[in-house]
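The values are calculated or read from the model by the stated rules, or taken from the named source; none is laboratory data. Keep in mind it's a predicted model, so treat the numbers as computed, not measured. Cβ placement follows ideal geometry from the backbone for every residue including glycine, while neighbour counts extend to all protein chains displayed.
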Amino acid sequence: MIFYFTGTGNSAWVAKRLSTILNEPCISVTECTGSPYVYNISDQERILLVTPVHSWGPAVRMVQFIRNLKINGYNNQPVYLICCCGDDCGYTNRIVEAELKKKDIPLNGYFSIQMPNNYLLLPGFDVDSKTVERSKLDNADRRIQKIAEAITNHHTTALYTQGSLPYLKSRLVYPIFARYFRKRISFYATEACTKCGLCVRTCPSGCITLTGEEGAPVWDKKGECTQCLACLHLCPQRAIEYGNITKRKGRYHHPDYFKK
Ligand SMILES: Cc1cc2nc3c(=O)[nH]c(=O)nc-3n(C[C@H](O)[C@H](O)[C@H](O)COP(=O)(O)O)c2cc1C
């Protein structure tokens, strides 16, 4: 089984490509409800976790999923991690490995794929140019084939981009992001908003309601926003901003992303 989380569609696309090549079903973790979420695994199965890299760690929603997961019938079936990053992943693998270890589940392999960047919320960060975006999407398919081969042949390979200063990025920056940055919600809709509700339907964390003035979207500040930026990137009117930082920046979503 392939479990994935996605904001702007990259990880969903990767999960679906792997699902086709490896003949494994896939499901979004946002559909895995129940506390705990119980998954019955068969003897010959394997588990793949596909997540975007957020601040050099796994998307917080993927961590929450792992913590809430109970696998019935687990008997050392292999578990793999596939990270979708814009550039590099730091110790995302080690963070996931530590979460699995709490459940006595080893991580048998980890991989990364560079996909178009969707991070905008700090100065100096923007979406990729169209040329870089195209080349990342073209290369991604070859990378997915290699990852699928490695998984099929039980090879541990070096198909993972850690990048520089992983300790600083993943052990210092990621915890601050996960604990504090995520809670600072500065999203708002501009006058271009048509109140179509797409942001409400695409938010994987259910943080948005159309309860503002004349049905405008409102972000629940106490909610569990993962800062995946789906709302901002997918808005067809480009009506969603985050403070002033996103005003002159681009927007991105995977070309095959299904708009709800
Ligand atoms: C909050 C946030 C933090 C990010 N941090 C990183 C990062 O540390 N390293 C990186 O290479 N890409 C980073 N990115 C880019 C995403 O990992 C990348 O674009 C990914 O493919 C998005 O996947 P998705 O479309 O499934 O959401 C970040 C994106 C967001 C929204």
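Run down LEU81, LEU48 and say which single residue is surrounded by 24 or more Cβ atoms within 10 Å (Cβ to Cβ), away from the ligand (no atom under 14 Å from the Cβ) and in the same structural domain as ASP128 (by TED's automatic domain parsing). So that I can check it myself, show each step before the final result.
On the way: LEU81 fails: away from the ligand (no atom under 14 Å from the Cβ).
Exactly one of LEU81, LEU48 is surrounded by 24 or more Cβ atoms within 10 Å (Cβ to Cβ), away from the ligand (no atom under 14 Å from the Cβ) and in the same structural domain as ASP128 (by TED's automatic domain parsing), namely LEU48.
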Might you check whether a residue that is out of contact with any Pro (no Cβ under 7 Å at 6 or more places or on another chain), hydroxyl-bearing (Ser, Thr, Tyr) and farther than 18 Å from PRO204 by Cα occurs anywhere in the stretch 86-99?
-> no
Of the conditions (1) touching a Cys at 6+ places or on another chain (Cβ under 9 Å); (2) under 25 Å from ALA15 (Cβ atoms); (3) crowded, with 20+ Cβ neighbours inside 10 Å; (4) not polar (S, T, N, Q), the single one that ALA189 does not satisfy is (2)
Counting only strands (runs of 3 or more DSSP E) entirely within the stretch 1-109, those with at least 3 residues that are farther than 26 Å from LYS169 by Cα are 26-28, 37-40, 69-72
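A quick yes/no check of all residues on (1) of a type outside the set (Val, Ile, Thr); (2) closer than 18 Å to THR92 by Cβ; (3) in contact with a Phe, Trp or Tyr (Cβ under 8 Å, 6 or more places away or on another chain):
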| residue | (1), (2), (3) |
| --- | --- |
| GLU133 | yes, no, yes |
| GLN145 | yes, no, no |
| ALA158 | yes, yes, no |
| LEU165 | yes, yes, no |
Qualifying positions in the stretch 1-52 - at pLDDT below 95 and in contact with a His (Cβ under 6 Å, 6 or more places away or on another chain) = none
CYS207 passes all but one of (1) touching a Cys at 6+ places or on another chain (Cβ under 7 Å); (2) farther than 22 Å from ALA12 by Cβ; which number fails?
-> (2)
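Inside the stretch 152-191, can you point out the residues that are under 17 Å from THR211 (Cα atoms) and of a type outside the set (Val, Ile, Thr)? Step through it out loud before you land on a result.
We begin by selecting, within the stretch 152-191, every residue under 17 Å from THR211 (Cα atoms); these are 185-191.
Selection gives SER186, PHE187, TYR188, ALA189, GLU191.
Those residues that are assigned to a helix (DSSP H, G or I) and among the basic types (Lys, Arg), I need them from the stretch 199-236; list them, please.
Selection gives ARG201 alone.
In contact with a Phe, Trp or Tyr (Cβ under 7 Å, 6 or more places away or on another chain), under 25 Å from LEU120 (Cβ atoms) and in contact (Cβ under 8 Å) with a residue 40 or more places away in the chain: does that describe ILE151?
It is false that ILE151 is in contact with a Phe, Trp or Tyr (Cβ under 7 Å, 6 or more places away or on another chain), under 25 Å from LEU120 (Cβ atoms) and in contact (Cβ under 8 Å) with a residue 40 or more places away in the chain.
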Scanning the stretch 166-186 residue by residue, the ones that are assigned to a loop (DSSP other than H, G, I, E, B), without any contact (Cβ under 8 Å) to a residue 12 or more places away in the chain and of a type outside the set (Ser, Thr, Tyr) total 1
Checked pairs for the stretch 78-93, first at positive phi, second more than 6 Å from the ligand (Cβ to nearest atom) and among the charged types (D, E, K, R), C-beta under 9 Å and 6 or more apart or across chains, list as GLY90/LYS169; GLY90/ARG171
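Listed here are the residues, each with its yes/no results for (1) of a type in the set (A, V, I, L, M); (2) near the ligand (Cβ under 9 Å from one of its atoms); (3) assigned by TED's automatic domain parsing to the domain that holds LEU120.
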{"position": "GLY7", "(1), (2), (3)": "no, yes, yes"}
{"position": "GLY34", "(1), (2), (3)": "no, no, yes"}
{"position": "ILE41", "(1), (2), (3)": "yes, no, yes"}
{"position": "SER55", "(1), (2), (3)": "no, yes, yes"}
{"position": "LYS70", "(1), (2), (3)": "no, no, yes"}
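If you scan the stretch 219-260, which residues turn out to be basic (Lys, Arg), under 17 Å from PHE125 (Cβ atoms) and more than 15 Å from the ligand (Cβ to nearest atom)?
Within the stretch 219-260, the subset basic (Lys, Arg) is 221-222, 238, 247-249, 251, 259-260.
Still in the running and under 17 Å from PHE125 (Cβ atoms): 247-249, 251.
Answer for the stretch 219-260, where residues must be basic (Lys, Arg), under 17 Å from PHE125 (Cβ atoms) and more than 15 Å from the ligand (Cβ to nearest atom): LYS247, ARG248.
Restricting the stretch 110-150 to residues that are assigned to a loop (DSSP other than H, G, I, E, B) and aliphatic (A, V, I, L, M), which is nearest to the ligand (Cβ to nearest atom)? If you could, list the steps in order and put the result at the bottom.
Initially, the stretch 110-150 is screened for residues assigned to a loop (DSSP other than H, G, I, E, B), giving 115-129.
Add one more test, that the residue is aliphatic (A, V, I, L, M), and what stays is 115, 120-122, 127.
Details: MET115: 4, LEU120: 8, LEU121: 7, LEU122: 9, VAL127: 9 Å.
In this case the residue turns out to be MET115.
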